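Colleague: Encoded as structure tokens, here's the structure I'll be asking about.
Here, each number is a calculation from the coordinates, and none is a lab measurement. Computed from a predicted model, the values in this text were never measured in an experiment. Positions of Cβ are backbone-derived with ideal geometry, glycine not excepted, and every protein chain shown enters the neighbour counts.
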Amino acid sequence: MGVCTKRLPIDGLIVSRKRVNYIIMSTILQPLIDRLREAGSNNWERIAEEAGVARTLPRKLVYGDRTNPRVLTIQPLLDYFARSAPTPPTPAAQAAQQEAAHG
């Protein structure tokens, strides 16, 4: 099977399909890998279980065994981290925190 040589016009540039896939996946996949690293390897199995993916998927993503997974494969992990992201404090809560810090 040969390498796809089809080229796509993007913003006036001609870019290979492989490069487009790389750009898209790097903007989706790298932040996910960063979040998994922040969570720590001791939590990967729990995260996988709670997200509903294979327990080995986080390890494979972080260590580069899966370099181009389908979005449907990683979407449960993206959703997991979106749900577990801390909610930013409201302006009133921020003001109260600053006031408490300044005494």
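Colleague: Modelled label-to-label distance, Ala82 and Glu49, 7 Å Cα→beta-carbon offset: nm?
Modeller: Inter-label distance under the simple model: 2.5 nm.
Colleague: Where does each of 28-36, 61-69 land if you order them by average Cβ count within 10 Å, highest first?
Modeller: Averaged packing, sorted descending, gives the order 28-36, 61-69.
Colleague: For Ser16, what residues show an amide H to amide H distance below 5 Å, using hydrogens built from the backbone and excluding near sequence neighbours?
Modeller: Leu8
Colleague: Counting other C-beta atoms within 10 Å, which of Val53, Val71 has the fewest, and how do the rest follow?
Modeller: Taking fewest neighbouring Cβ atoms as first place, the list is Val71, Val53.
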